[in-house]
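**Q** Below you will find the structure I want to go over with you.
The values are calculated or read from the model by the stated rules, or taken from the named source; none is laboratory data. None of these values were measured; they are calculated from a predicted model. Reconstructed Cβ throughout: ideal geometry from the backbone, glycine too, with neighbour counts over all protein chains shown.
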Amino acid sequence: MKCDIVLAGVGGQGILSIATVLGLAAVENNLYLKQAETHGMSQRGGAVQSYLRLSDKPIFSDLIPSGEAQLILSVEPLESLRYLNFLSPDGYVITSTTPFVNIPDYPDTEGILATIRNLPRVVAIDAEAIAKAEGNSKSSNMVMLGAASPFVELPLESLEQAIKTIFSKKGEEIVAVNLRAFHAGRAFTEQTLNKLK
């Protein structure tokens, strides 16, 4: 098992929570794990990215080589395009369609989404709308994790347990909302993949 993931987004969108859930689930399954983070100007809405490498064999670097990532998981559409050079030929882009307009010359959203949808393997999801429907727009990062989960070889129960672990201090309702968001994202990807068959 080997899975290299580029997590991309903007400060405050929950990239590090996604990485924590994946990391806890990987450790529970006795996998090797390396992570490298770049926070940038995250407190001011700047770009945030994290490399996450999971494997059943030792990993010697926390950086992902160009063209080797199985997944680009982006909680912001423009950020998904920034890291396409890391994507392997058979890799998937999982991206939110909701822009985080944090710069004055942010490109046309429809143009960004058209570019994304022209990629050979992509799941584009309105994570914010799904999160709101499940009870809390702040859980959109867990929608994104759920959407990416079918492409990560980690047991569903381990991912669920990791979500419970990281949100347990915030109370049962927050745990429940994040689990619902996760499952809604996963269901979206499964339906998308079924349509492609």
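**Q** I'm checking my understanding of the structure. Among residues of region 96-118 that are touching a residue at least 40 places away in the same chain (Cβ under 8 Å) and touching a strand residue (DSSP E or B) at 6+ places or on another chain (Cβ under 8 Å), which one is nearest to ILE64 (Cα to Cα)?
**A** Per the criteria, the residue is SER96.
**Q** Going by what's in this entry, would LYS57 be described as charged (D, E, K, R), at pLDDT 85 or above, buried (at least 16 other Cβ atoms within 10 Å of the Cβ) and more than 19 Å from ASN141 (Cα to Cα)?
**A** Here the answer is no, as LYS57 does not meet what is asked.
**Q** Are there any pairs with C-beta distances below 8 angstrom linking a residue in region 1-14 that is without any contact (Cβ under 8 Å) to a residue 60 or more places away in the chain to a residue that is of a type in the set (Val, Ile, Thr) and not in a loop (DSSP other than H, G, I, E, B), with the two at least 6 apart or on different chains, and if so which?
**A** These pairs meet every condition: GLY11/VAL48.
**Q** Same structure again: Given (1) free of Cβ contacts under 8 Å to residues at least 60 places away in the same chain; (2) surrounded by fewer than 22 Cβ atoms within 10 Å (Cβ to Cβ), identify the lone condition not met by LEU52.
**A** Here LEU52 clears every test but (2).
**Q** Starting from residues that are assigned to a strand (DSSP E or B) and over 13 Å from the mean Cα position of the chain (by Cα), keep the ones in region 70-114 and report whichever is surrounded by the most Cβ atoms within 10 Å (Cβ to Cβ).
**A** So, considering only residues that are assigned to a strand (DSSP E or B) and over 13 Å from the mean Cα position of the chain (by Cα), the one surrounded by the most Cβ atoms within 10 Å (Cβ to Cβ) is LEU87.
**Q** Among the residues of region 130-187, which ones are outside any helix (DSSP H, G or I), in contact with a helix residue (DSSP H, G or I) (Cβ under 9 Å, 6 or more places away or on another chain) and of a type outside the set (S, T, N, Q)?
**A** GLY135, VAL152, LEU154, PRO155
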